[in-house]
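Asker: One structure, as structure tokens, below. Some questions next.
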Amino acid sequence: MADVNRRGSTIRDGGPWVEPPRPGSSGLCHYGPVTEQQTTSSPRPRVSARIAAIAESATLAVDGKAKALKAAGRPVIGFGAGEPDFPTPGYIVDAAVAAAKDAANHRYTPAAGLPAMREAVAAKTLRDSGYAIDPASVLVTNGGKQAVYQAFATVVDAGDEVLLPAPYWTTYPEAVRLAGGVPVEVFAGVEQGFKVTVEQLEAARTARTKVLVFCSPSNPTGAVYTPEETAAIGRWALEHGVWVITDEIYEHLTYDHAVFTPIVRVVPELADTSIVLNGVAKTYAMTGWRVGWMIGPADVIKAATNLQSHLTSNVSNVSQRAAIAALTGDLSAVEEMRSAFDRRRRTMVDMLAAIDGIQIPTPEGAFYAYASVQGLLGRTFRGVTPTTSAELAALILDEVEVAVVPGEAFGPSGYVRLSYALGDDDLVEGVSRIQALLAEGR
Ligand code: PMP
């Protein structure tokens, strides 16, 4: 249940954000030691209702718990993290080392990013997505996550509804709520390959609908929309004046016959009412470098840059120089990592599909397998009878020391997400342990 703000409206219930009343009218604050009076009888909450309503990132929580157990010497295998296990390719690291030695990179730079980085994003967009953009329409951010936050903050007003295909990446609803918006889940289950249809979106659309979130290849499901499906959704959004925030961070990770389809390429008129989110983290094994970007119409990018100029200023220049090397280099290192992920994907899906009670469509993108565990709930394992995927995930961690992320982090209960971005041996060992435990169910 959500925190209730002081006018009684709950954020989680989807009501529009209501500013808590401000006691006193002077607007002045007095710094100094906190008194007994303030801590015990102050009518004001210590943490703002807006921030108190944010849930911890469940994926980072699972990963943190697994890492802590590992540090304590336990043989834990973690399928929680959304990050490649490879080191960043050497030529990218070399560019960063050289940049760190150049005093030009020891200073602030324009908030929107180094001009060379914005140009590299424009050139890369033409190369990978097949359409031209002006470097001025690029804002370089601290990871894709800051781009996600700023995109919603920039186009969502209080009470605006944001259509969120579910299962969704855990950060989207929090970023929508922080912007004062109302996330509206549109659920697609296993039988639809975790992909929403235009009919579902249309049924969820109201006069308050401002934005559709589109993430293909998808975290958490690994689903990839076909060119036809992408075009149909893009045309629907255009026809109804719904903005599209399209998260393309897994663009290079597709398998089998799946292809990544940039929605703005197939519906070019969307350029004026869309924001593309992207970053180097997943493609180049650069999660720790914190470089992402957003691409959008001039007014939106200008407004988002103003926000960023007060929030974080520019992204670390050394990291931007590394990202420039990544984006202007070829894609051979990416292809090597992709084929390793592909091999692991097939191993993992085969092993999970063999478990009685699990249903899993073959993921075609990103590095996640998303399995329905509904057939396992209600069975008893070692005296425990999980009735939710959160309980099942806790059981798996407690009994066989394997960390998976429960579906509750991404929408409805009844699913688990496993990342296959980890070494082949660990992967086989981890899924074998899950198989052995789940085979005990009665
Ligand atoms: N979008 C999606 C769909 C993601 O999965 C992630 C990382 N988990 C991000 C954006 C953000 O990535 P980063 O901030 O590391 O660039």
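Asker: Which residue pairs have Cβ atoms closer than 9 Å, lie 6 or more positions apart in sequence or on different chains, and pair a first residue in the range 397-409 that is outside the structural domain of Pro165 (by TED's automatic domain parsing) with a second residue that is acidic (Asp, Glu) and modelled with pLDDT of 95 or more?
Answerer: These pairs meet every condition: Val402/Glu429.
Asker: To continue, here is another question. Find the residue count for the range 228-260, including only residues that are away from the ligand (no atom under 15 Å from the Cβ), farther than 26 Å from Gly181 by Cβ and part of a loop (DSSP other than H, G, I, E, B).
Answerer: 5
Asker: Exactly one condition in (1) touching a residue at least 40 places away in the same chain (Cβ under 8 Å); (2) within 16 Å of the ligand (Cβ to nearest atom); (3) crowded, with 18+ Cβ neighbours inside 10 Å is not met by Thr312; state its number.
Answerer: Unmet for Thr312, out of (1) touching a residue at least 40 places away in the same chain (Cβ under 8 Å); (2) within 16 Å of the ligand (Cβ to nearest atom); (3) crowded, with 18+ Cβ neighbours inside 10 Å: (3).
Asker: Ok, one more. Would you pick out the residues in the range 180-207 that are surrounded by fewer than 21 Cβ atoms within 10 Å (Cβ to Cβ) and among the small types (Gly, Ala, Ser)?
Answerer: Gly180, Ala188, Gly189, Gly193, Ala203, Ala204, Ala207
Asker: Could I ask something else about it? Whether any residue in the range 125-133 is surrounded by 15 or more Cβ atoms within 10 Å (Cβ to Cβ) and of a type in the set (Ser, Thr, Tyr) is what I want to check.
Answerer: Yes, some residue in the range 125-133 is surrounded by 15 or more Cβ atoms within 10 Å (Cβ to Cβ) and of a type in the set (Ser, Thr, Tyr).
Asker: Of the residues Val97, Val62, which is in a helix (DSSP H, G or I) and surrounded by fewer than 16 Cβ atoms within 10 Å (Cβ to Cβ)?
Answerer: When all the criteria are applied, what remains is Val97.
Asker: Would you call Arg379 of a type outside the set (Gly, Ala, Ser), more than 16 Å from the ligand (Cβ to nearest atom) and closer than 28 Å to Thr154 by Cβ?
Answerer: no
Asker: Further question: Name the residues in the range 135-174 that are free of Cβ contacts under 8 Å to residues at least 60 places away in the same chain and surrounded by fewer than 19 Cβ atoms within 10 Å (Cβ to Cβ), would you?
Answerer: Once the filter is applied, which keeps residues that are free of Cβ contacts under 8 Å to residues at least 60 places away in the same chain and surrounded by fewer than 19 Cβ atoms within 10 Å (Cβ to Cβ), the range 135-174 yields Pro135, Asp157.
Asker: Something else about it: Kindly evaluate Gly430 against the criterion of being buried (at least 24 other Cβ atoms within 10 Å of the Cβ), of a type outside the set (S, T, N, Q) and outside the structural domain of Phe187 (by TED's automatic domain parsing).
Answerer: Taking the combined requirement at face value, the residue satisfies it.
Asker: Mind checking which pairs have a first residue in the range 272-291 that is within 13 Å of Lys145 (Cβ to Cβ) and a second that is assigned to a strand (DSSP E or B) and of a type in the set (Ser, Thr, Tyr), Cβ under 8 Å, 6 or more apart or different chains?
Answerer: Leu277/Thr246; Gly279/Thr141; Val291/Thr141
Asker: Shifting gears a bit: Just give me the residues in the range 363-387 being of a type in the set (S, T, N, Q) and either crowded, with 16+ Cβ neighbours inside 10 Å or not in a loop (DSSP other than H, G, I, E, B) (or both), in sequence order.
Answerer: Of everything in the range 363-387, those that are of a type in the set (S, T, N, Q) and either crowded, with 16+ Cβ neighbours inside 10 Å or not in a loop (DSSP other than H, G, I, E, B) (or both) turn out to be Ser372, Gln374.
Asker: Further question on the same structure: What is the one condition in (1) part of a helix (DSSP H, G or I); (2) within 22 Å of the chain's Cα centre (by Cα); (3) more than 20 Å from Gly64 (Cβ to Cβ) that Leu437 does not satisfy?
Answerer: Unmet for Leu437, out of (1) part of a helix (DSSP H, G or I); (2) within 22 Å of the chain's Cα centre (by Cα); (3) more than 20 Å from Gly64 (Cβ to Cβ): (2).
Asker: Additional query: Take the range 279-309 and flag every residue that is outside any loop (DSSP other than H, G, I, E, B), near the ligand (Cβ under 10 Å from one of its atoms), within 16 Å of the chain's Cα centre (by Cα) and not β-branched (Val, Ile, Thr).
Answerer: The answer is Gly279, Gly288, Gly292, Trp293.
Asker: So, Thr209, is that one in the same structural domain as Thr273 (by TED's automatic domain parsing), modelled with pLDDT under 95 and closer than 15 Å to Val156 by Cβ or not?
Answerer: The answer is no for Thr209.
Asker: Let me ask something else about it. Can you list residue pairs whose Cβ atoms sit under 9 Å apart, with the first residue in the range 231-259 being assigned by TED's automatic domain parsing to the domain that holds Pro183 and the second being within 14 Å of the ligand (Cβ to nearest atom) and basic (Lys, Arg)? Count only pairs 6 or more apart in sequence or on different chains.
Answerer: Ile249/Lys282; Tyr250/Lys282; Glu251/Lys282; His252/Lys282; Leu253/Lys282
Asker: Further question: With the requirement that a residue be in a helix (DSSP H, G or I) and within 16 Å of the ligand (Cβ to nearest atom), what does the range 194-227 give you?
Answerer: none
The values are calculated or read from the model by the stated rules, or taken from the named source; none is laboratory data. Please read all numbers here as calculations on a predicted model, not as lab measurements. Please note: Cβ atoms are built from the backbone with ideal geometry, for glycine as well, and neighbour counts cover all protein chains shown.
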